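Input: a single structure, listed below in C-alpha cells.
The numbers here are math on the coordinates, done by the rules we state, and not lab data. Given the structure is predicted, the values throughout are model-derived calculations rather than measurements. All Cβ positions, even for glycine, are placed from backbone atoms using ideal geometry, and neighbour counts span all protein chains on display.
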Amino acid sequence: MKRTITLIAAAALSLSLTGFAFAAGGQQAAGGDVKGNLEASLKVDTSVLKSADNQLLLKPSTDNRKVPARPANPDALPETDPLHWYDMEWAGWNANKSAVPASPKTGAIGKKIIFIVHGDHPWTTACTLGAKKVADAYSMTFKPMSPNWDLAVQNQMIDQAINERPDMILLIPLDAKTAPQQARKINQAGIPLILFNTLPSAEAMNYAIAWTGPDDFGQFRLLSRAFADELRKRNPGAKEIGVAYVQHAPGGSPYFARCFGPISEMAGYAPEIKTLDKQAPGFEADKTMQLVSDWLTRFGPSLKGIVAADDSAQSLGISEALKKAGREDVLVVAAGNSKQGMDLVKEGKIFAITYQTAEGDGALAVATAADWFNGKEIPMRKNLAQHIITKKDVDTFYPPQW
Amino acid sequence: MRSDKKILAGNKRLAWVDKYRIFVLFALVFLFMSVFAPRFFNVFNLTSIMKTVAMNACVAIGFTIVMICGQLDLSIGTVITFAGVLGLSLKGSLGYAGSVPVAIAAGALVGLFNGLLVAKAKINSFIVTLGTMTILQGAIYTLTGGNTISLSTPDAFAVSDFLAKPLLPLVTPRILITVALVIGFELFLRRTQAGRNFYLVGGNKNTAWLAGIKTDGYTVIAFVLSGALAAVGGVFFAMESSAATLKMGDQSLMYVISATIIGGTAMSGGKGGVFRTVVAILTLEMLYTGIILFGLGNEVKIFIAGLILAAVVLYEAYAVYKHEKEVGKRPELVKELAVGKPGAADKPA
C-alpha cells in the first residue's frame, strides 16, 4: 500500500512540475507599437453595432437629472423620501478615486479583459453576447466567468481572474454590500476594475474606474410616473389607490430600486397611491401567482395596481393570478424587457415595462473599458438609455434579446 | 464458474477501491488539472481553492458526523447564513470577540434543538431539519429586513485582510482553523472511544444501545457539533468577506451532501470519515476550478458534478449488491471443508 501511495505522490509531483512549466510558458510578453495601437483603437467605431432587437447596442443616455446634495444622514429620513436612498441611487458620485490606476493610454486593441457576471440566466447570456460584440470590435481577449449566484464562487473567480493578470476585470457584484471588499481586493492587486449592472454600495466605487448599467432608480421613477398617470386615469377622483410590490431577490440593488424607487417617487408625485404590501416571492411563476392570489383575497377591490421587479416569471405569475380571479382592472408594470414581458405588454396584460437592454448593459461596460484604455475621460457613472415600453411601441423592440 | 481465489481477489480489489477511491480520484483530478488546466498549478490559485473550500470543509465535518450517526441535517445552509448575519450584526456592540462566540453558540443551539427532536421526540431528521431550515430562513429575513449585513470600517477590513492573507504558502488563518478542526475531529473519531461510538450508533443503534452506549446522547451531540461547525464556517467566511448575504449558505447544502457521499460516508450511517469528506470537497473544488480555467461554463460544471455523484451512487449500489450476494459465503471455508484441513485454501491448486 505504501508503495502505491508513494508512486501516486511521485507521479503527482512530477506531473505538477510539468504543469507549472506549462502555466509559466502560457504568459505572453507585452509590447508592440503602443502609439499605433492607440491610434488604431481610437478609430474603432462601435456606435453602429446593433443588438438582437435591432436597436443600437450603445444608445446614448438621455438622463440629464442633476445629482442632489447628499443629506447628512440619509438613513434618518423616512423610506418614502427619495433622499433616504441617496447612497444607493447616487452611489459613486462622491467617490474618492485616489486609489484607482490611471489609464495607460495604450489603446484597447488586443487587451485582455475578464468579465465576471452574477449567475446563469438568459439575461446574462444576452449581456455577455453584447459585451463580446464590443470586445470583438477591439480584438480584445474576452473571458466570461459565471459563479452561478454563489458568493464564495464569485470570490474565488475574482482570485482566479487576478491570478491571470488581465488588463482589466469587469464585475457584476452578486451583492451591493459585498462589493466593497471585492473591489478593494482587485484594486489592491493593481488591476483596473469596472463595476456594472447592479449598483454596488458607495464604498465600492472608491476602487473602481466607473460603474455602468441601468439607472434602476431612475428607470423606476420614470415607470412609476407613467404608472401613476394611468392609475389616476382609471380611478378618477379616487382618494386612495392601493398598489402592491413584487420585489426582486433581497440584497441586490434591484430589490431596493424596483420597490422603494416607485414608493418614494409616488409619495411625492401621486400621494394618493398607497402601498398595501411588498413581498419577494423569488422568480418562479407559481409562487408569484400564489402571492398575488393571496393579495386579491386580502385586499379585494382595493388592490388597483402591481409593480413587479421582473417581467418574465413574476409577470407570468401575476397575469395568471389576475386571470383566474377575473381582475382585469388591476394595472401591472414591470422591469423588462424579456420576450415574456413584451408579449404580455402586446396582449395588454402588462401596461408598461422598462427598456432594459441586456446586450447594451454588457456592451456599455466593455465600451467604457475601451475608452479608458484609449485614454478618454471616464465619468464615475455611465447609465444606459432609459425608455418605457408600452403597447404603442412594443413592436419596435422585437425580436427580443432574451 | 469463477474460482474461489478469483472471487477473493475480486473482493479485495473492491475493498481497496472502496477504501481509497476518493484519494485516487483526488490524485487523478489534481494531476489532470495541473498538467492541462491553464494557471491551475500555482500557489495563488491553489490558495484560492483552499480558501473556497474552507467554509464548506468546516460545515462538512459536522455534517459527516451526523451522517455517520445515520441522520441528515438539512439546516446547515441556513445556519451558515444565520451565524454570518449574527456575527456581523453583533460586531458593533460586542466586537468580534463577543459576536463570534455568540454566533457559534447560536449554531450549536439550533443543533441542540434538532438533536433533541430527533433523539427524544423520535421525529425523522429529514423533517426536523427541513423545519428548522424554514424557520431560520424566516428569522434571518426578519433580523435583517432583507438587507445584506456588511461592514466597511477599517477594523473590519483589517480582520478581513488578516483572515485572507497567507501566513505560509497555501495557508491563510481561515484555512489553518479549518485544517486544525479537520485533523482534530478525524483523530477524535478514529482514535477515541467516544469518537468510535458515533460509528456504532450509526451502524446499528440497537446493538450500540445494548452495548451500553447512550445512543440518544450521541445523536444530540452530533447535531450540536453540526450546528456549531456550520456556524464556525459561516461566521469566519462572513468576517473574511466583511459581509453576510442572505443567501451565503444556500449553495452549501447540496455541495456538502454530494461531497460527503462521494467521500464514502454511507447515508445509512456507521461508515465514513471527516478527512475523506474534506478530500472530496477539495476534489470537487479542483474540478470546478479547472473547468472555469478551461473557459467552460457552469452547465459543464453541474453536468460533471452530477456524473461523479451518479457514478459514486451506482458504485455504492453495486457494492451493496455484491456484499449481499456474498453474505454467508466463505469460499475459503468451503475449500477447507472439501480438503478436510484448515489453511488448505491458501495452497495452490
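Structural remarks
- P(r) tail fraction, the range A:302-402 - alpha-carbon pairs more than 15 Å apart, %: 64
- Cα gyration tensor shape for the range B:4-341, rounded if a/c is under 1.5, else prolate or oblate: oblate
- If R0 equals 51 Å, the separation of the Cβ atoms of A:Glu79 and B:Lys12 corresponds to a calculated FRET efficiency of about 0.15.
- Length-normalised contact order for the range A:217-354 - Cα pairs under 8 Å, 6+ apart - percent: 26
- Neighbour counts of other Cβ atoms within 10 Å put B:Ile304, A:Ile350, B:Ile76, B:Ile104 in the fewest-to-most order B:Ile304, B:Ile104, A:Ile350, B:Ile76.
- Treating r as the C-beta distance of A:Lys391 and B:Ile177 and R0 as 51 Å, the FRET efficiency rounds to 0.30.
- With 10 Å bins from 0: P(r) over chain A, alpha-carbon pairs, percent: 5, 21, 29, 23, 12, 6, 3, 1, 0
- Helix B:125-144 vs. chain B, principal-axis angle (Cα, 0 to 90°, nearest 10): 10
- Residues with amide H under 5 Å from that of A:Trp402, placed H, sequence gap 5 or more: A:Lys339
- Projected area, mean over directions - the range B:107-223, Cα convex hull, nm²: 10.4
- Rotationally averaged projected area of the protein assembly as shown (alpha carbon convex hull; nm²): 38.7
- The protein assembly as shown: antiparallel DSSP beta bridges as a percent of all, rounded to 5: 15
- Point-charge dipole on Cβ atoms (K/R +1, D/E -1) for the protein assembly as shown, about Cα centre, debye to 20: 2380
- Kirkwood hydrodynamic radius of the range B:25-91, Cα pairs, Å: 14.6
- Farthest towards the positive end of the charge dipole of the range A:217-354, among the residues A:Ala267, A:Pro250, A:Leu344, is the Cα of A:Ala267, using unit charges on the Cβ of Lys, Arg, Asp and Glu.
- Counting beta carbons within 10 Å around each of B:Lys205, A:Lys105 and listing the fewest first gives the order A:Lys105, B:Lys205.
- Exposure proxy order (Cβ contacts within 10 Å, fewest to most) of B:Leu293, A:Leu49: A:Leu49, B:Leu293
- Paired Rg and Dmax values of the range B:40-146, which use every Cα atom, in angstrom: 16.0, 51
- Computed over the alpha-carbon atoms, the range A:217-354 gives an Rg to Rh ratio of 0.92, Rh here being the Kirkwood radius from the mean inverse distance.
- Shown in residue order for the range B:174-186 are the 3J(HN,Hα) couplings computed by the Karplus curve 6.51 cos²θ - 1.76 cosθ + 1.60 at θ = phi - 60°: 5, 5, 4, 4, 5, 4, 4, 5, 4, 4, x, 6, 5 Hz (x for Gly and Pro).
- Derived scalar couplings ³J(HN,Hα) [the range B:198-205; Karplus, 6.51 cos²θ - 1.76 cosθ + 1.60; whole Hz; x for Gly, Pro]: 4, 5, 5, 5, x, x, 7, 4
- The value of relative contact order for chain A, using C-alpha pairs under 8 Å at least six residues apart, is 21 percent.
- Dividing the mean sequence gap of close Cα pairs (under 8 Å, 6+ apart) by how many residues chain B holds gives a relative contact order of 32 percent.
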